[in-house]
Structure formats: structure tokens, C-alpha cells
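This report refers to the structure that appears directly beneath it.
Each value in this text was obtained by applying a stated rule to the coordinates, not by laboratory testing. Because the structure is predicted, anything quoted here is derived from the model rather than measured. Note: ideal-geometry Cβ built from the backbone for every residue, glycine included; neighbour counts use all protein chains shown.
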Amino acid sequence: YACLHTLQHYNIVWAVAFSKLNRSVVASCGADSTCKIWNISNGECLKTLEHNSTVYTGAWSPSNKTQLATGANDDKVRIWNTDTSECRELVGHEDSVISIAYSQDGITLVSASADHTCRLWNVANGTELRIFRGATAGVFSIVFSPNDGTVFASVGNDSTIRIWHACTGSCIREIIGTSIAEDTELDRDMLAYSP
């Protein structure tokens, strides 16, 4: 493999997100308080979405190619129209939003925060539908099951993976482990489902 382009922020880049609906773009989120949208083929920055603080996460809607959600250090989730740069702020978290994930149909979005909670949002109107509590430390990664859009998993600094039912709010299972942070130099905040 060869590097095609170097896409530059002016500080740490925390996340990148590819769009399934528009394969010509990628979004990058950084500590320079921006989310940038790039043309993959030529490396051109198509748009810069300004925030008030570090942007930790971004996710493209699976059902709307111009919709991008971001989560930032100012405790907010933002849902952007990337054509117009307009955004709706989803307010409820009490600490940094570190990870976000859309449901398979794009109707809902779940966010994970350093405030020890995950929150489920209605994308169309920005309503908070449910708060998921149970973590004893910050939650840093979430992902919906590829097989069941009503189930998602979360993991964070309490060394526990939790499987949640999005509709009922119940924790279906907890998988408790040792703290990776104490045992290795690896990051402890990544989670993925097997397809």
C-alpha cells in the first residue's frame, strides 16, 4: 500500500469516518476544534466544520449522505448538514462526548461520554430518548450490532463491556475484564462487532 494523501489538522486527530453513501469523502475530527471533510481522490479539504473545543468523534448517517454527527469536549453532539454547514446541537451529557454511532436505519444515534453514560437520540428532532447508566467510569467506545439495530455495546475506563438493548434501556450482558490501561500500553477504548 502507498500513502495517497496527507490530510492536515493543526493538532491531534482523534477520529476519522468514511461515508458508506458517499465513498469519495472522509471526515476527520481533531483537537484543533474542527471536523474536516476531505475529497479522498485528490486530498482537497471540502469543508471545515468549526466547533468550540476538541472534536473526539464523528459518524456519517447510513441513510443520508449529507448528514454527519460529531461529538466534542464541550459535552455536545452535533448533527450537521454537510451541504449547508448548519447543525443541530444535542444537549444532555455532562462531560465530553467521546464516541457516537448511528443505528442501521439512521433514525437514532447513541453517544458515549466521559460522564459515565450513553444516550440515545432521535436524529430527526434531536430528542433524548433514553439514558443508559451503569458504567462506573467514562464510556469511550460504542457500536451498534450489525445484526440487530436494537442492540449496542459500550466500553470504557471501568474495564467492562456492556451490551445494551436500545429500546428497553436494559443491560443485557456485562463482560468484566482487567484494566488494559494498567496491563499494557494499548488503548482501552476501542470496540468492534464481528460482522
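Structure values in brief
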{"quantity": "The chain: relative contact order as a whole-number percent, Cα under 8 Å and 6+ apart", "calculated": "11 percent"}
{"quantity": "Phi-based couplings in Hz for the range 22-31 (Karplus 6.51, -1.76, 1.60; Gly and Pro marked x)", "calculated": "10, 6, 8, 10, 9, 10, 10, 10, x, 6"}
{"quantity": "For the range 64-75, Karplus couplings with θ = phi - 60° (6.51, -1.76, 1.60), whole Hz, Gly/Pro x", "calculated": "9, 5, 9, 10, 10, 9, 10, x, 9, 5, 8, 6"}
{"quantity": "Computed lengthening from Thr127 to Asn11, 0.36 nm per intervening residue step minus Cα-Cα distance", "calculated": "38.5 nm"}
{"quantity": "Three-way shape label, the range 29-83, alpha-carbon gyration tensor, a/c 1.5", "calculated": "oblate"}
{"quantity": "Karplus (6.51, -1.76, 1.60) ³J(HN,Hα), θ = phi - 60°, over the range 166-176, in Hz, Gly and Pro reported as x", "calculated": "5, 6, 9, x, 7, 8, 6, 7, 10, 10, 9"}
{"quantity": "Separation of alpha-carbon centers, the range 149-180 and the range 89-107, rounded to whole Å", "calculated": "16 Å"}
{"quantity": "The chain: most fluctuating residue of Gly177, Gly169, Gly134 per GNM, C-alpha cutoff 10 Å", "calculated": "Gly177"}
{"quantity": "The chain - mean residue ellipticity at 222 nm from DSSP helices (-39,500 (n - 2.57) per run, n ≥ 4, rounded to 500)", "calculated": "-500 deg cm²/dmol"}
{"quantity": "Spin-label model distance (nm) - Glu94 vs Leu4, 7 Å beyond Cα toward Cβ", "calculated": "4.4 nm"}
{"quantity": "Interchain or long-range residues, amide H under 5 Å from Ser113's placed H", "calculated": "Ile98, Val139"}
{"quantity": "The range 1-100: trypsin sites (Lys or Arg not before Pro) in DSSP loop, at most 13 other beta carbons within 10 Å", "calculated": "Lys20, Arg23"}
{"quantity": "The chain: radius of gyration and largest Cα-Cα distance (Dmax), Å", "calculated": "16.2, 46"}
{"quantity": "Choice from Ile79, Ile107, Ile37 showing the highest fluctuation, given a GNM over the chain with Cα pairs closer than 10 Å", "calculated": "Ile107"}
{"quantity": "Lys pairs, the range 1-91 - Cα-Cα below 16 angstrom, 8 or more residues apart or on other chains", "calculated": "4"}
{"quantity": "R0 of 41 Å, Cβ-Cβ distance His165-Thr66: FRET efficiency to nearest 0.05", "calculated": "0.85"}
{"quantity": "Choice from Val139, Val13, Val55 showing the highest fluctuation, given a GNM over the chain with Cα pairs closer than 10 Å", "calculated": "Val13"}
{"quantity": "Given the chain, longest segment not containing exposed loop GluC sites (Glu not before Pro) (DSSP; at most 11 other Cβ within 10 Å)", "calculated": "95-184"}
